[in-house]
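Engineer: Sharing a structure, written as structure tokens. Questions coming.
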Amino acid sequence: MFAINPFAALSASISPALMQGYVVLMIILVAAGTLFDILHKGSARYFFDNWRRSKSKAQELGGGELMSIAMQTAVVDVLASGEFCNMRRRIAHLLTMYGFVIYVVATVAMVFGNPTTDLWPHLWWIGALLILIGGYWFWFFIRVDVAAEGSSPFRVMRADLFVLSLIVSVTLGVIWAWLQASASAAAGVFFALYVIATTVLFGSVPWSKFAHMFFKPAAAFEKRVSNANGTRANLPAPADKPEQFGTRVKHARNY
Amino acid sequence: MPTFVYMTRCDGCGHCVDICPSDIMHIDKTYRRAFNIEPNMCWECYSCVKACPQNAIDVRGYADFAPLGHSVRVLREEAKATISWRLKFRDGREKNFVSPIRTTAWGSIKSPADYDAPRPEDFSRQELAHEPTSLKVEGGLPTLRRDRFKQGLV
């Protein structure tokens, strides 16, 4: 089951060109949705306004310094989800993020390339399982309204649109692939549900937080630049004297 | 000076919700970010300001000393056990303060169940439960001796 390309098996009933067209449509929806999101919420204008404002009061940073900050942002904040202070949230985010990347790349490779190797189907399953572990862990235990507000995990609202459509889409995809591999008659129904959930995931970008993969790195970069150029968003500089008042602690114990 | 949250910096971790003794820091239902639901009821302990790992919570100064255009920001450094404050006035003046973290470490206070149950004779004593040990007064509680009273008092 894990070595079978589910999309190749599907090509008997749906033409590969149609599947490829659907994937292209989803990519267009994400690009258009992100652009709309940036314009509608004014996030790009906010970012550049902040940038200009801090530039007038700040010490000038050289090109090399900016490159180094960009590298730090890419490695620490983007690749390692370094902005999370809560370790559980960080691990859940890493699982979901890398799972999503692997899952999407494997889906595109299988839909467009129809490769003969077992590698892509295996990666598709691994990516899906990583998303499910990170996603359900987040959904039931880590979500702030469940963990801090004590709300029921089954209470759904618009802020859940992205994570809910992601885990529902992947769950349905996994069930469909499993049913199809076991030649069940219900596979068609789950495929239809899978397509609906996937369309909601990629089509709801203007209303969900899907676009955070674009604006969060920009915000992390801006935060690092403001620390380097001395403006620090009006925050005090790190304490120097006296360096140690009381008991030094490595990890937050006082919360 | 009640607190408020910068929505762009908050990542909705919920630390402030957990720590607020007034239970007025909550998560916005639409945006999943923290906000002060009732600034009038904020008793200005600044627990949330200091606990916020993203430095997303700020202090709104009263108009009489910090009119619009001011900023009151705080940085908590656990590793140095310091809290630094930076106050910027509208006219450009700036004041910086550094103080030690004085909060009691999480889990370091014994719960009442960890103490021995009081004996029957303890109920007729003047001291409260676990006194005088819990008061940490060397040599027991201070007492007023009759012979040292001022003349005419007794």
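Values in this text are rule-based calculations from the coordinates and carry no lab data. Just so we're clear, the structure is a prediction, and the values are computed from it rather than from any experiment. In this analysis, Cβ positions are derived from the backbone assuming ideal geometry, glycine residues included, and neighbour counts consider all displayed protein chains.
Engineer: Quick one: of A:K209/B:K88; A:K55/A:K216; A:K57/B:K29; B:K50/B:K95, which pairs are farther than 29 Å apart, Cα to Cα? All intermediate terms of the calculation are to be shown ahead of the outcome.
Structural biologist: On the way: A:K209/B:K88 34 Å; A:K55/A:K216 20 Å; A:K57/B:K29 36 Å; B:K50/B:K95 18 Å.
Beyond 29 Å between Cα atoms: A:K209/B:K88; A:K57/B:K29.
Engineer: Scan around B:A34 for amide H atoms under 5 Å from its own, H built in the peptide plane at 1.01 Å from N, and keep only partners 5 or more places away or cross-chain.
Structural biologist: Under 5 Å from the amide H of B:A34 lie the amide H atoms of B:G12, B:D28, each far enough along the sequence or on another chain.
Engineer: A further question follows. Kindly give the semi-axes, whole Å and largest first, of the ellipsoid equivalent to the protein assembly as shown, taking each as the square root of 5 times a Cα gyration tensor eigenvalue. Before the final figure, lay out each step's value.
Structural biologist: Details: eigenvalues 561, 182, 69 Å².
Whole-Å semi-axes of the equivalent ellipsoid: 53, 30, 19.
Engineer: For Cα pairs less than 8 Å apart in space and 6+ apart in sequence, what is the mean separation divided by the residue count of chain A, i.e. the relative contact order in percent? Intermediate results must be reported in sequence, preceding the final value.
Structural biologist: On the way: 225 pairs, mean separation 72.2, N = 255.
That works out to 28 percent.
Engineer: Moving on. Which ³J(HN,Hα) values in Hz, rounded to whole numbers, follow from the phi angles of segment A:200-216 under the Karplus curve 6.51 cos²θ - 1.76 cosθ + 1.60, where θ = phi - 60° and Gly and Pro get x?
Structural biologist: 5, 4, 8, x, 9, 3, x, 9, 10, 9, 4, 5, 4, 5, 9, 8, 5
Engineer: May I ask you to evaluate 6.51 cos²θ - 1.76 cosθ + 1.60, the Karplus curve with θ = phi - 60°, for each residue of segment B:16-23 and list the ³J(HN,Hα) values in order in whole Hz, giving x for glycine and proline?
Structural biologist: 5, 5, 5, 8, 4, x, 8, 6
Engineer: Per the Kirkwood formula on distinct C-alpha pairs, the Rh of segment A:10-127 is how many angstrom?
Structural biologist: Numbers: mean 1/r = 0.0551 Å⁻¹.
So the Kirkwood estimate lands at 18.1 Å.
Engineer: Further, regarding this structure: Once the Cα atoms of helix A:87-113 and of chain A are each reduced to a long axis, what angle between those two axes, in degrees from 0 to 90 to the nearest 10, is obtained?
Structural biologist: Roughly 40 degrees, rounded to the nearest 10.
Engineer: Here is a further query. Would you mind ranking B:S124, A:S15 by Cβ crowding within 10 Å, fewest neighbours first?
Structural biologist: The fewest-first ordering by Cβ neighbours comes to B:S124, A:S15.
Engineer: What is the angle, in °, between the Cα long axis of helix A:161-181 and the longest principal axis of the Cα atoms in chain A? Nearest 10 is fine, range 0 to 90.
Structural biologist: Once rounded, one gets 30 degrees.
Engineer: Go through segment A:125-130 residue by residue and turn each phi into a ³J(HN,Hα) via Karplus (6.51, -1.76, 1.60, θ = phi - 60°); whole Hz please, and just put x for glycine and proline.
Structural biologist: Values, residue by residue: 5, 4, x, 4, 5, 4 Hz.
Engineer: Under 5 Å between amide H atoms, partner at least 5 residues away or on a different chain: which partners does B:T82 have, H built in plane at 1.01 Å?
Structural biologist: Excluding prolines and chain starts, which carry no amide H, the hits are B:E77, B:I101.
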